[in-house]
Amino acid sequence: MTTPWTLICKQEDLVEGAGVAAMVSGEQVAIFYVPESEQRVFAISNWDPIGKANVLSRGLVAHLQEQWVVASPLYKQHFVLASGQCLEEDIKISHWQAKLEGGDVFIAAHL
Amino acid sequence: MTSTVSFLTAKPHLIVIGNGMVGHHFVEQMIAQGGHDAFHISVFGEEPYLAYDRVHLSEYFTGKGAADLAMTDGSLYDTHGVRYFTGCLVIKIDRDAKQVMLQNGESLAYDKLVLATGSYPFVPPIPGHKRDNTFVYRTLDDLDAIRTCAKQVTRGTVVGGGLLGLEAANALKNLGLETSVVEFAPRLMPVQLDEKGGAVLKEMIEGLGVKVYTDTATKDIVDGENAFHRMNFADGSHLETDLILFSAGIRPQDALAHQSGLTVGERGGISVNNHCQTSDDDIYAIGECALWNNRIFGLVAPGYAMAKSAAGHLLADFLGLAGVTFTGADMSTKLKLLGCDVGSVGDAHAQSQGCKVFVYQDEISQSYRKMVVSEDGKKLLGAVLVGDNSYYDTLLQYYLNAIDLPEQAQALILPAMEGAPVGLGVDALPATASICSCHNVSKQDISDAVCNGALSVGDVKGVTKAATGCGGCAALLKKVVDNALLALGVEVSTDLCEHFAYTRQDLYNLVKIGEIKTFNELLKTHGKGHGCEICKPAVGSILASVWNDYVLKKEHISLQDTNDRFLANMQKDGTYSIVPRIPGGEITPDRLIVLGQVAKEYGLYTKVTGGQRIDLFGATLSQLPEIWEKLIAAGFETGQAYGKSLRTVKSCVGSTWCRYGVNDSMKMAIDLENRYKGLRSPHKIKFAVSGCTRECAEAQSKDIGVIATEGGWNLYVCGNGGMKPRHGDLFAKDLDDETLVKYIDRVLMFYTKTADRLQRTSVWMDGLEGGLDYLKEVVINDKLGLCAELEARMQHVVDTFQCEWKTTLQDPEALKTFRQFVNYEGSDSNVVFVEERNQMRPATESEKQQLIAKVG
């Protein structure tokens, strides 16, 4: 089965080592570009369920305990970019498969 | 009129006469052991204030108020039902009737009585000693009187060159007087120092501009020719001076003991036994009024030990256990007098039988050290230190714990040479070693506290009270706590985070010395892994402090916390607030109108901030550049409210408008704000400038506070409002504009260079070894030879200032990051406002649901 990829933006729309927000079928998605990582791009929900605002794309990217995470800009909880798992609370947010191909950024349906 | 007050309940009545440090400590000890349940406790103090910290009395002249020095605001007493009466003198004890009589004629019955009446200053009966403008140095009221007098005169003289005399001389010097010290003995500090030590100290103090007359007896004091007084000396010479301060020792305040027939010593002092009981079993005496084994103890630590033993004895029945007895106390001391280190341990005068002495003297850097050891050379019996107290802690521990001296014991007072063993490791101290003598806390007490969950110095202080008396043991305490943590297997890490095994200060130096310009370069050369939200902004800030690059450069952008990355302050709903710079809070009507127009156009909630600026709330990410374009066109600059950097310089209008202003605080505030506005620092920095001592700008609660004086500017440093308020320390007085700026340059850069991440100046100062005096040494006397570099670094920051918003608006790459969505032009539907008091604010969760329900 082929994954239905959606084109989101160009690679130059991304910010190296940080996130941007995108709107995908009415949902806010935070897309992170981490060139040092294997996957290079990650997509998780932009919604911070603890701070209750759409801000995760504006958090700081960190590498903790061998995982790429983002620290929420509101109250600093960490969310794993590859899984949406929160490190401090038993909360998991939506995440998407994402890829960078030929200068284009794609995400797939919910994982 | 005489009346008798008594209680209806059956609890015995305990009266405490005297509410100085020791009297207060006694009450604390009673309360800590539940003594307020065993006794009705009443406390009488002669002074109008409750107990205050007399050890730090001189700080009353350097900015601390009575409230700062207070040891209690009375709430401890109130909470535990302890009645207290200030300004209330007890004039008589009737031991037969077991009553005390107050000055107002009232009598009170007691069951037990504690005398903590302290001491009074001895004034030698020199003819003329009662003239006007003569003072003693004991109470806050004394200090008020001295301050008032000092304002009108130029010369001051202290009679007495002991510990308190030199402390008083320092105070007179700080009050701006030409200061002299007259000592009857052949040397300064005759009790603590030997002849050579006294001579070195004299030389050091004279080097600071204080005239010292030793071996000098004053014959009489008469009218002066050029000054208020003339002191005629026994050798025929004389000294003219306007103010005389007697500090020639203390005498026990034992008047009540004499009056009531208690046994007193030949030379005064109320005789007590090991429980601090006087010759009347129901009456105790503690502190400087008490004579134990024919000795008076004029230090606070022995007084506290007496308080503890008296409380223990009084409560022995109630608690069913015998308290500790008082069996004498160590009188070793270390102090800083007029900026000179002086230390004295044990038998400083080498009077022990058969003892041997090591002496080290350095006439170039002016220091003197002596060790007195036992005949066999194995034990330390005493020591004298002048000029450098860093040797004190180790020597004291050898002495107090009778630890065998190492071979080559003289190394303990020799300057540290490369490769030589230094000091005594904390490990070598026995468990009984006394770490804090004020509160009698041993190494074991500290280890126990750590084992019971106090995992930081702050926690241990809270539990044991160690280092909360004179504070002299703070550095040693930290070592003992770290050692105890290590023993528990808790790693004591000063690493910034898992990516850098360095402190912020180390990283600052690495960046500077290695000329490192990017985070990745630093990570590659000195770190590991990929960085995190701790090290990235910290390094971003260091890079900005040192090189002052544009923070949104491609290689720096991912280091910035959201506020720095978008140059605005994120609010709870993800929108931002905008604070343009309004230097000194001065704004033209035209600019004020622009702010109003912009706020109106974008529907921004508008509020005046505490820092005399205007904050516009509710801008979305994509509105930020548009709004800034308008603000910059009107001449505004970024206010950097988002950065760990200079926020505002608050000000009053000063001499330009105000009837009381003595200098142009407005202009100074604007100049300072414009000078330091670009500086990235470990945490935010706030300034204020007041135009006179009325202090309308509240400068003493700021990181940097400047107050206009008749002679220029007084500079206060490291104050804080907020969560943990701290009064700024008076750093220097009567500065001209140029020196003021020079000192601020140096203080701020030294802070930026040495503080931890997110450490405000107040916390930095509290943790700075050597404290205010050390900072003065570094900044005023250039102790570290750093001043030129610090100034040059600041000048670089000043010269390379750029308005980050202006740069951003000219950079299409940077502007791109301000889009709300990369693929969609709409806005965030979760940002919902409602109106309140004619402005908008974010809707609450329930308001949002209602609004959605309506729309639905």
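I'd like the residue in the stretch B:35-56 that is at pLDDT 85 or above and over 30 Å from B:Lys11 (Cβ atoms) and, out of all such residues, is surrounded by the most Cβ atoms within 10 Å (Cβ to Cβ). Spell out the reasoning first.
Keep residues of the stretch B:35-56 that are at pLDDT 85 or above, which gives B:35-54.
Filter again for over 30 Å from B:Lys11 (Cβ atoms), leaving B:53-54.
Details: B:Asp53: 19, B:Arg54: 17.
Checked the stretch B:35-56; the qualifying residue surrounded by the most Cβ atoms within 10 Å (Cβ to Cβ) is B:Asp53.
Which of the residues spanning the stretch A:15-34 are at positive phi and either more than 7 Å from chain B (Cβ to nearest Cβ) or modelled with pLDDT under 90 (or both)?
Within the stretch A:15-34, the subset at positive phi is A:17, A:25-26.
Once the filter is applied, which keeps residues that are at positive phi and either more than 7 Å from chain B (Cβ to nearest Cβ) or modelled with pLDDT under 90 (or both), the stretch A:15-34 yields A:Ser25, A:Gly26.
Out of the residues in the stretch B:510-541 that are over 24 Å from A:Trp68 (Cβ atoms), surrounded by 16 or more Cβ atoms within 10 Å (Cβ to Cβ) and not aliphatic (A, V, I, L, M), state the one that is nearest to the other protein chains (Cβ to nearest Cβ).
The qualifying residue nearest to the other protein chains (Cβ to nearest Cβ) is B:Lys517.
Within the stretch B:598-619, is even one residue surrounded by fewer than 21 Cβ atoms within 10 Å (Cβ to Cβ), at pLDDT below 95 and within 14 Å of chain A (Cβ to nearest Cβ)?
no
Considering only residues of the stretch B:671-696 that are free of Cβ contacts under 8 Å to residues at least 60 places away in the same chain and within 22 Å of the chain's Cα centre (by Cα), which is surrounded by the most Cβ atoms within 10 Å (Cβ to Cβ)?
Checked the stretch B:671-696; the qualifying residue surrounded by the most Cβ atoms within 10 Å (Cβ to Cβ) is B:Ala688.
Taking A:Leu74 as meeting all but one of (1) of a type outside the set (D, E, K, R); (2) within 9 Å of chain B (Cβ to nearest Cβ); (3) surrounded by fewer than 23 Cβ atoms within 10 Å (Cβ to Cβ); (4) out of contact with any Asp or Glu (no Cβ under 8 Å at 6 or more places or on another chain), write down the number of the exception.
Condition not satisfied by A:Leu74: (4).
Would you pick out the residues in the stretch B:291-332 that are in contact with an Asp or Glu (Cβ under 8 Å, 6 or more places away or on another chain), over 20 Å from B:Met30 (Cα atoms) and of a type in the set (Gly, Ala, Ser)?
Scanning the stretch B:291-332 gives a single hit, B:Gly298.
Looking only at the stretch B:548-587, count every residue that is free of Cβ contacts under 8 Å to residues at least 60 places away in the same chain and under 28 Å from B:Glu789 (Cα atoms) and tell me the total.
Adding up the residues that qualify gives 6.
Here is a check on your reading of the model: is B:Asp341 among the acidic types (Asp, Glu), assigned to a loop (DSSP other than H, G, I, E, B) and touching a residue at least 24 places away in the same chain (Cβ under 8 Å)?
no
Within the stretch B:364-374, how many residues turn out to be at pLDDT below 90 and either on the phi > 0 side of the Ramachandran plot or more than 32 Å from the chain's Cα centre (by Cα) (or both)? Full working, then the answer.
Let us first name the residues in the stretch B:364-374 that are at pLDDT below 90, namely B:364-367.
From the residues that got through so far, the ones that are either on the phi > 0 side of the Ramachandran plot or more than 32 Å from the chain's Cα centre (by Cα) (or both) too are B:366.
Of the residues in the stretch B:364-374, 1 are at pLDDT below 90 and either on the phi > 0 side of the Ramachandran plot or more than 32 Å from the chain's Cα centre (by Cα) (or both).
Working carefully through the options B:Asp393, B:Asp317, find the one that is charged (D, E, K, R), at pLDDT below 90 and farther than 30 Å from B:Phe731 by Cβ. Walk me through it before giving the result.
On the way: B:Asp393 fails: farther than 30 Å from B:Phe731 by Cβ.
Exactly one of B:Asp393, B:Asp317 is charged (D, E, K, R), at pLDDT below 90 and farther than 30 Å from B:Phe731 by Cβ, namely B:Asp317.
Residues are listed down the side, and each one gets a yes or a no for (1) more than 14 Å from B:Leu140 (Cβ to Cβ); (2) within 38 Å of the chain's Cα centre (by Cα):
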| position | (1), (2) |
| --- | --- |
| B:Ala32 | yes, yes |
| B:Asp37 | yes, yes |
| B:Ser42 | yes, yes |
| B:Tyr49 | no, yes |
| B:Phe61 | no, yes |
| B:Gly65 | no, yes |
| B:Asp78 | yes, yes |
| B:Lys92 | yes, no |
| B:Glu106 | yes, no |
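Would you point out the residue of the stretch B:789-819, among those that are facing chain A (nearest Cβ under 10 Å) and among the basic types (Lys, Arg), that is surrounded by the fewest Cβ atoms within 10 Å (Cβ to Cβ)?
Selected residue: B:Lys816.
What single numbered condition from (1) under 25 Å from B:Arg565 (Cα atoms); (2) crowded, with 22+ Cβ neighbours inside 10 Å; (3) of a type outside the set (D, E, K, R) fails to hold for A:Leu64?
The one condition A:Leu64 does not meet is (2).
Sort out which residues of the stretch B:772-788 are touching a helix residue (DSSP H, G or I) at 6+ places or on another chain (Cβ under 8 Å), in contact (Cβ under 8 Å) with a residue 24 or more places away in the chain and surrounded by fewer than 19 Cβ atoms within 10 Å (Cβ to Cβ), and write them in order of number.
B:Leu772, B:Ile780, B:Leu786
Condition first: among the hydrophobic types (A, V, I, L, M, F, W, C) and either in contact (Cβ under 8 Å) with a residue 12 or more places away in the chain or crowded, with 22+ Cβ neighbours inside 10 Å (or both). Now tell me which residues in the stretch B:57-79 satisfy that. Before the answer, list the steps.
Let us first name the residues in the stretch B:57-79 that are among the hydrophobic types (A, V, I, L, M, F, W, C), namely B:57, B:61, B:66-67, B:69-71, B:76.
Selection gives B:Leu57, B:Phe61, B:Ala66, B:Leu69, B:Ala70, B:Met71, B:Leu76.
Among the residues of the stretch B:248-259, is any surrounded by fewer than 21 Cβ atoms within 10 Å (Cβ to Cβ), in a strand (DSSP E or B), at negative phi and within 34 Å of the chain's Cα centre (by Cα)?
The answer is yes, given that some residue of the stretch B:248-259 is surrounded by fewer than 21 Cβ atoms within 10 Å (Cβ to Cβ), in a strand (DSSP E or B), at negative phi and within 34 Å of the chain's Cα centre (by Cα).
Of the residues that sit in the stretch B:548-590 and are part of a loop (DSSP other than H, G, I, E, B), away from chain A (no Cβ under 14 Å) and in contact with an Asp or Glu (Cβ under 6 Å, 6 or more places away or on another chain), which one is nearest to B:Asp664 (Cα to Cα)?
Within the stretch B:548-590, the subset part of a loop (DSSP other than H, G, I, E, B) is B:548-553, B:558-561, B:567-568, B:571-575, B:579, B:581-582, B:586-588.
Okay, now just the ones that are also away from chain A (no Cβ under 14 Å), so B:548-550, B:579, B:581-582, B:586-588.
This time we only want the ones that are in contact with an Asp or Glu (Cβ under 6 Å, 6 or more places away or on another chain), so: B:579, B:581.
On the way: B:Val579: 26, B:Arg581: 20 Å.
Only one residue tops the list, namely B:Arg581.
Looking at (1) outside any helix (DSSP H, G or I); (2) away from every other protein chain (no Cβ under 14 Å); (3) modelled with pLDDT of 85 or more, find the lone condition where B:Leu507 falls short.
(1)
Quick one: how many residues across the stretch A:35-55 are facing chain B (nearest Cβ under 10 Å) and aliphatic (A, V, I, L, M)? Break it down into steps so the answer makes sense when it comes.
Pass one, the stretch A:35-55, residues facing chain B (nearest Cβ under 10 Å): A:36-37, A:46-48, A:51-55.
Keeping just the survivors that are aliphatic (A, V, I, L, M) gives A:53, A:55.
Residues meeting the conditions: 2.
Determine whether the stretch B:820-835 contains at least one residue that is surrounded by 15 or more Cβ atoms within 10 Å (Cβ to Cβ), over 48 Å from the mean Cα position of the chain (by Cα), part of a helix (DSSP H, G or I) and within 14 Å of chain A (Cβ to nearest Cβ).
So far as the stretch B:820-835 goes, no, none of its residues is surrounded by 15 or more Cβ atoms within 10 Å (Cβ to Cβ), over 48 Å from the mean Cα position of the chain (by Cα), part of a helix (DSSP H, G or I) and within 14 Å of chain A (Cβ to nearest Cβ).
Of the conditions (1) more than 8 Å from every other protein chain (Cβ to nearest Cβ); (2) in contact with a strand residue (DSSP E or B) (Cβ under 8 Å, 6 or more places away or on another chain), A:Leu60 clears all except one; give me its number.
If we test A:Leu60 against (1) more than 8 Å from every other protein chain (Cβ to nearest Cβ); (2) in contact with a strand residue (DSSP E or B) (Cβ under 8 Å, 6 or more places away or on another chain), just (1) comes out false.
The values are calculated or read from the model by the stated rules, or taken from the named source; none is laboratory data. Everything quoted here is computed from the prediction, not taken from an experiment. Heads up, the Cβs are rebuilt from the backbone with ideal geometry, glycines too, and the neighbour counts pull from every protein chain shown.
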